[in-house]
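Colleague: Here it is: the structure, laid out below.
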Amino acid sequence: MSIGYVPIRDILPNISPNIVYEVILTTKSRDGKVDAAPMGLRFIDNNLSRFLLRIYKENKTYRNLIERPAGVANITRDPTVFVKYLMKDKDKYLREEIEDSEVVDAPRLRNAEAYIEFTVESIYDEVDPVDFHCLVVKAYWGVRVIEPYSRAAYALIELAVNISKVEPYLKQGLDLSELFNAIAYSLKVIKKTATGTVIDEYSKILLSSLSENSSSLLKQHLLRSGIHLE
């Protein structure tokens, strides 16, 4: 099989083009420093051989893919993984959870449900976030997990994704109201369906990852939405 064509539907049969899927992207810098970060990818062809990443320039993933244009999209539905790799001290998890991938010069996470290894074909960096057009090299199963649907689990993933956007939005002077509304909704779902659980605790850890200024702005917004944070 030639590089560039992989039957991804054999691994992920329900994947469709033009839908953003949240994954954990693992990349490596020129000097070998590994990073893992939640990221959205969108397939841009019907064969699912190419996808688009939109990455802010301040992100380590951006710098790594510029220096080493390859990585692994780790597919997982475990919300705690998304939280861990948004934290400032995520390196302690990386040391324990990464391993060599099968083809590209970038590691993968142990225990993900599936993997998509890729190389970067082209970069459009005239705007921020930057567009990375990527070519699938190989897709394969990891550890297959079957769990019932949990609103709280998916709300935590959505919370993690939106929390990761707060600092870039603030630095670019973008309107935060819609983003804060989405965060408020996720918190309400978690409080309603998972109060006192691990998911509830991880939501608090996520909120603590924000800068003092961002945290203050978010807390003010949440208070107006009837949500009080400790």
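Colleague: So, in segment 204-226, of the ones that are charged (D, E, K, R) and surrounded by 11 or more Cβ atoms within 10 Å (Cβ to Cβ), which residue ends up nearest to residue 176 (Cα to Cα)?
Modeller: This residue is 219.
Colleague: Within segment 31-41, can you find the residues that are loosely packed, with under 14 Cβ neighbours inside 10 Å and assigned to a strand (DSSP E or B)?
Modeller: none
Colleague: Right, here's the next one. Quick one: in segment 188-201, which of the residues that are under 20 Å from the mean Cα position of the chain (by Cα) and modelled with pLDDT under 85 is surrounded by the most Cβ atoms within 10 Å (Cβ to Cβ)?
Modeller: Result: 199.
Colleague: Could you check residue 58 against (1) in contact with a helix residue (DSSP H, G or I) (Cβ under 8 Å, 6 or more places away or on another chain); (2) under 21 Å from residue 112 (Cβ atoms); (3) surrounded by fewer than 20 Cβ atoms within 10 Å (Cβ to Cβ) and say which number it fails?
Modeller: Only one criterion in (1) in contact with a helix residue (DSSP H, G or I) (Cβ under 8 Å, 6 or more places away or on another chain); (2) under 21 Å from residue 112 (Cβ atoms); (3) surrounded by fewer than 20 Cβ atoms within 10 Å (Cβ to Cβ) is unmet by residue 58, namely (2).
Colleague: Can you pull out every residue in segment 136-152 that is surrounded by 19 or more Cβ atoms within 10 Å (Cβ to Cβ) and either part of a helix (DSSP H, G or I) or in contact with a Lys or Arg (Cβ under 8 Å, 6 or more places away or on another chain) (or both)?
Modeller: 136, 152
Colleague: Considering only residues that are within 20 Å of residue 28 (Cβ to Cβ), buried (at least 17 other Cβ atoms within 10 Å of the Cβ) and charged (D, E, K, R), which ones fall in segment 61-89?
Modeller: Result: 63, 68, 84.
Colleague: How many of the residues in segment 169-187 are modelled with pLDDT of 90 or more and part of a helix (DSSP H, G or I)?
Modeller: Selection size over segment 169-187: 13.
Colleague: Moving on to the next point. Within segment 44-51, is there a residue that is farther than 27 Å from residue 201 by Cβ, assigned to a strand (DSSP E or B) and not hydroxyl-bearing (Ser, Thr, Tyr)?
Modeller: Yes, segment 44-51 contains a residue that is farther than 27 Å from residue 201 by Cβ, assigned to a strand (DSSP E or B) and not hydroxyl-bearing (Ser, Thr, Tyr).
Colleague: Hey, does segment 92-106 have a residue that's assigned to a strand (DSSP E or B), out of contact with any Lys or Arg (no Cβ under 8 Å at 6 or more places or on another chain), surrounded by 15 or more Cβ atoms within 10 Å (Cβ to Cβ) and not assigned by TED's automatic domain parsing to the domain that holds residue 208?
Modeller: no
Colleague: A further question on this structure: What are the residues in segment 107-132 that are within 22 Å of residue 45 (Cα to Cα), under 17 Å from the mean Cα position of the chain (by Cα) and not in a loop (DSSP other than H, G, I, E, B), if any?
Modeller: Within segment 107-132, 114, 115, 116, 117, 118, 130, 131, 132 qualify.
Colleague: Considering only residues that are part of a loop (DSSP other than H, G, I, E, B) and under 15 Å from the mean Cα position of the chain (by Cα), which ones fall in segment 59-86?
Modeller: 59, 76, 77, 78, 85, 86
The values are calculated or read from the model by the stated rules, or taken from the named source; none is laboratory data. Since we're looking at a predicted model, the values are computed, not measured. So basically every Cβ, Gly included, is an ideal-geometry build from the backbone, and we count neighbours across all protein chains shown.
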